[in-house]
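What follows draws every value from the coordinates through simple rules; no lab data is involved. Nothing here was measured: the structure is a model prediction, and the numbers come from that model. Neighbour counts are summed over all protein chains in view; Cβ atoms, including those assigned to glycine, are modelled from backbone coordinates with ideal geometry.
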Amino acid sequence: MMDRLLNNNVALRIIALVLACILWLAVHAEQGGSQQASTGVTESFELPVRVETSADEVLVSQVPTVTARVTTSLLRLPTLATDMTKAEIVANAQDLGAGTYTLHVAAINMPASVRSYTLSPATITVTLEPKVTVERPIRLSVVGAPSQGYVLGKPQIGAGVVEISGAASSVQSVAEVAGVVDASGLSQTETKLVDLLPLDGAGKAVPGVTVTPSAIAVTLPVTSASQTVKLTPAVTGLPAAGYAIASVRLEPTSAVEQGLPAGQLPQGGLRVPIDVTGLAKSTTVSVPVPLLPGMTSVSPAAVTAVIDVEPSAVYTLQNVPVTITGATGVRLLGPRTVTVTVAGAQSAVQAVEKDASAVQAYVDASGMSRGTASLPIQVHLPAGLSAVSISARTATVQAMP
């Protein structure tokens, strides 16, 4: 069978033709693959342009982008997108000054696998403005409330102003810098970092400016809502003629208030007004405890005032020494003694008659460092007494060199 086939010219010609076709296809397929590998593949990437400016200039136009068409080999195509993350498109706008310019763009840090590339467009248009720096006030807003039974004091911030820098047109539109701090659920004093946002006159954020610092530390003082406050009698009016107030005391001497933190309470205590107008004998009255602004309640709401009324008396003390307070290196030129007449409750006057040292005359020379001065004579008296007259109103003092 094989011998007959080999001796058949037609069969041999057919076999030869088939082999030739197979060989032709193999050769041309290899050439086509080599040509594709050598030509490569092209991909497009949209990249932002980094505009390099001088330190005193700011880009105010929109950040442009360009399309980079890059060609690489088929083998490098799978990693091309990752490799292109390091590529940058730049335009040099340094030392140009304010104005609008057309700049050429260039690519840097292109991957080594990129055989060639084109940038479209090849130029960009940018607008520059002078960079300015100004100060703006901080407006702090507090949202939320502390836990029940606690009150929030005045928030404390390190500085009341911050610096705003950027293009002149943008900076001029910044009216204030705002921050918001949340006090919700606080039961103790806390310090929080608050981000700052530049706002225009309408309360809208201003883009393109830098706030320095961009955040500030805010301390939120939180105290218990209930505070114990000392009660102090505040006498108003005058008793009947011939009588004087010997003493006034409150029962109880303290109260519990809510609403004001301890740091905002009066240092001398809460003054309770007591009217003694026309009194001619000792008495006990109930007086209300006033609420200061910020207080929500006080307990007890009223206290008892015990008012001791006595016949009034007058007494004159001779040769009361005049002393100097508030400064050293200052001497008294005169007068060295004064006569003081006091009036008040009979028991208080009798106490002064027995011990005149309780009445003291003095001048305050605070802040005096040179020269001679005439200063007012002041009198310190025990409770229940007032000075009716004093023989001299002023004393002359001299700072010693």
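Roughly what % of Cα-Cα distances in segment 176-278 sit above 18 Å, to the whole percent? So the pairs more than 18 Å apart make up 69 percent of the total in segment 176-278. The 3J(HN,Hα) values that the Karplus relation (6.51, -1.76, 1.60; θ = phi - 60°) gives for segment 337-342 are, in residue order, 9, 9, 9, 10, 9, 10 Hz. Gly and Pro appear as x. Rounded to the nearest 20 debye, the dipole size of segment 238-348 about its Cα centre is 420 debye, using +1 on the Cβ of Lys and Arg and -1 on the Cβ of Asp and Glu. For segment 243-401, the calculated P(r), taken from all Cα-Cα distances in 5 Å bins from zero up to the bin holding the longest distance, is 2, 8, 14, 12, 11, 11, 12, 12, 10, 6, 2, 0 percent.
Histogrammed with a bin width of 10 Å, the alpha carbon distances of segment 130-224 distribute as 17, 43, 25, 13, 3, 0 percent, first bin at zero. Here is how the number arises for the chain: DSSP H runs of 4 or more residues each give -39500 (n - 2.57), the sum is divided by the residue count, and the result at 222 nm is -4000 deg cm²/dmol.
The radius of gyration of the Cα set in segment 226-310, together with its Dmax, comes out at 14.0, 44 angstrom. A simple rule links phi to the HN-Hα coupling: the Karplus curve 6.51 cos²θ - 1.76 cosθ + 1.60 with θ = phi - 60°, which for segment 192-200 gives 10, 8, 10, 6, 10, 10, x, 10, 8 Hz, with x for Gly and Pro.
Computed over all pairs of different Cα atoms, the Kirkwood value for the hydrodynamic radius of segment 312-399 is 13.5 Å. Between amide H atoms placed 1.01 Å from N, distances below 5 Å from T189 occur with V222, all of them 5 or more places distant or on a separate chain. Using the Karplus relation 6.51 cos²θ - 1.76 cosθ + 1.60 with θ = phi - 60°, the per-residue 3J(HN,Hα) values for segment 389-401 come to 7, 9, 5, 9, 8, 9, 9, 9, 10, 9, 7, 7, x Hz, with x marking Gly and Pro.
Which of P111, M84, I138 sits farthest toward the positive end of the charge dipole of segment 77-139, with +1 on the Cβ of Lys and Arg and -1 on the Cβ of Asp and Glu? Ranked along the dipole, the leading option is I138. Note on segment 41-121: the alpha carbon radius of gyration divided by the globular reference 2.2 N^0.38 Å gives 1.26. Using only alpha carbons, the chain has a radius of gyration to Kirkwood radius ratio (Rg to Rh) of 1.45.
Among D355, D182, a tally of other beta-carbon atoms within 10 Å of each Cβ gives an order, fewest to most, of D355, D182. Computed packing ranks the peptides 236-244, 51-59 as 51-59, 236-244, most packed first, by mean other Cβ atoms within 10 Å. Running Debye on segment 84-179 with equal point scatterers at the Cα sites and no solvent, what base-10 log of I(q)/I(0) appears at q = 0.12, 0.22, 0.23 Å⁻¹? For segment 84-179 at q = 0.12, 0.22, 0.23 Å⁻¹, log10 I(q)/I(0) is -0.70, -1.11, -1.15.
For K281, a cut-off of 30 angstrom between C-alpha atoms picks up these lysines, skipping any fewer than 8 places away in its own chain: K230, K354. Between amide H atoms placed 1.01 Å from N, distances below 5 Å from A392 occur with T339, all of them 5 or more places distant or on a separate chain. For A246, the residues whose amide H sits under 5 Å from its own are D308, V309, E310, ignoring neighbours fewer than 5 places away on the same chain, with H placed 1.01 Å from N.
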